[in-house]
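Report on the following structure.
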């Protein structure tokens, strides 16, 4: 798959410590139609505030992102530093500063080491085209154990195009975005009137359907750029081409979201939580998130304990409409409970065997209606505590 009209650069700026590439750049050869979704946390990092202000115009050409420092809770100096980073990049590349998106991830509350970052920017600019998308994915990692990349291809008007994305995230993961960054690029031409709506729909089905630990961070950013460099006709709403593009975008976003869960800090399990038979889709989502975020449920997954009662308890306090006499539950295809009570027989042993697997599903049917939802989560292990107990050191 060839992604046209974008170049990448990564350098070492020693933002947190030396020894790895930690400053990255995406450059589109022309201003791209763009959309973004940011954290809903009331405490927002300076780069989030700056980028959200700029993306309102629906255009972007450059993204600069650093790992190792969140530039969050850094006061007015943090905003000055974000703007200065943007200014230096714009000057070096000869583009309008308003077309620069800024993103950061890492430790909260520590000022950016602007001397080191400023010193690294000339090499970052000079290196445009020297890196690929895999190097970009590696440069934005913090506690991630592997880089996250997803790609799809499609066509419009007989012209092929690519949708490709990267993501980082392993902890502080919770819907309404999370401590995650994701940047998705396409060389298709997308109508500005369409791009925001299909992007937000895709985010709701992916990054807003995962949880590792229930925490929502200060820096969460998901950005989509469409530069049209493939030469496709403009894809507009209500067409088969729009439906195809939206489907490919959904797949890329969901692939990246699942990779984040699989790389959850200390995670040993990847679990799909499906709620069916709810009074509404919204109720199903409430129930699914309650199960996925329950520390008791997640520790049971880690311990391979088929403690289905904890799952019913989470559904019960979720706020969803529930009739306990109608509840049914499965681990994969093993029915653990029906009509609100334990299935008996071999269910305990069979359910335990399911939980021994690295990936499995949990389905709860509420028996009330047609509402449904699916979310993705991980277990909660000793290692999660170890990683986050000394994250700053």
Assuming R0 = 25 Å, can you tell me the calculated FRET efficiency for the pair residue 40 and residue 134, based on Cβ-Cβ distance, to the nearest 0.05? 0.25
Pop a pseudo-label 7 angstrom from the Cα along the beta-carbon direction at both residue 118 and residue 361 and give the gap in nm to one decimal. 5.6 nm
Mind giving me the nanometre distance, one decimal, between the label points for residue 370 and residue 12, set 7 Å out from Cα along Cα→Cβ? 5.9 nm
With the chain treated as a Gaussian network of Cα nodes joined by springs under 10 Å, which of 141, 225, 336 yields the largest mean-square fluctuation? 336
Tilt relative to the chain, helix 114-126 - C-alpha long axis, 0 to 90 degrees, to 10: 80 degrees
Tell me, what is the percent relative contact order of segment 270-389, built from C-alpha pairs under 8 Å that lie six or more residues apart? 45 percent
With springs only between Cα atoms under 10 Å, which of 94, 309, 228 fluctuates most in a Gaussian network model of the chain? 94
Just subtract the alpha-carbon distance of residue 73 and residue 342 from 0.36 nm times their residue separation and send over the number in nm, one decimal. 91.9 nm
Segment 6-262: antiparallel DSSP beta bridges as a percent of all, rounded to 5: 70 percent
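Starting from the Cα-Cα distance between residue 333 and residue 349, subtract it from 0.36 nm times their residue separation and give me the gain in nm to one decimal. Kindly include the intermediate steps, with their values, before the conclusion.
Numbers: separation 16, 0.36 × 16 = 5.76 nm, distance 1.32 nm.
Gain on stretching residue 333 to residue 349: 4.4 nm.
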Cα long-axis angle, helix 46-55 against the chain (0 to 90 degrees, to the nearest 10): 80 degrees
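Find the Cα radius of gyration of segment 268-342, compare it with 2.2 N^0.38 Å by division, and give the number to two decimals. Numbers along the way, then the final one.
Values: Rg = 11.6 Å, N = 75, 2.2 N^0.38 = 11.3 Å.
Dividing the Cα Rg of segment 268-342 by 2.2 N^0.38 Å gives 1.02.
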Label 7 Å along Cα→Cβ of residue 98; segment 224-258 residues with amide nitrogen under 20 Å? 224-227
Once the Cα atoms of helix 75-93 and of the chain are each reduced to a long axis, what angle between those two axes, in degrees from 0 to 90 to the nearest 10, is obtained? 60 degrees
Test of understanding: what is the full-extension gain from residue 30 to residue 83, defined as 0.36 nm times their sequence separation minus their Cα-Cα distance? 16.9 nm
Simple spin-label estimate for residue 313/residue 282, 7 Å along Cα→Cβ, in nm, reads 2.8 nm
Among DSSP bridges having both ends in segment 270-389, what percentage is antiparallel? Round to the nearest 5. 70 percent
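Quick check on packing: order 118-131, 70-83 by the mean number of other C-beta atoms within 10 Å, highest mean leading. All intermediate terms of the calculation are to be shown ahead of the outcome.
Details: 118-131: 16.1, 70-83: 19.2.
The densest-packed peptide leads the list: 70-83, 118-131.
We did not get these values from a lab; they are worked out from the coordinates using the rules stated. Predicted model, so just to flag it, every value in this text is computed and none were measured. Positions of Cβ are generated from backbone atoms using ideal geometry, with glycine treated the same way; all protein chains shown enter the neighbour counts.
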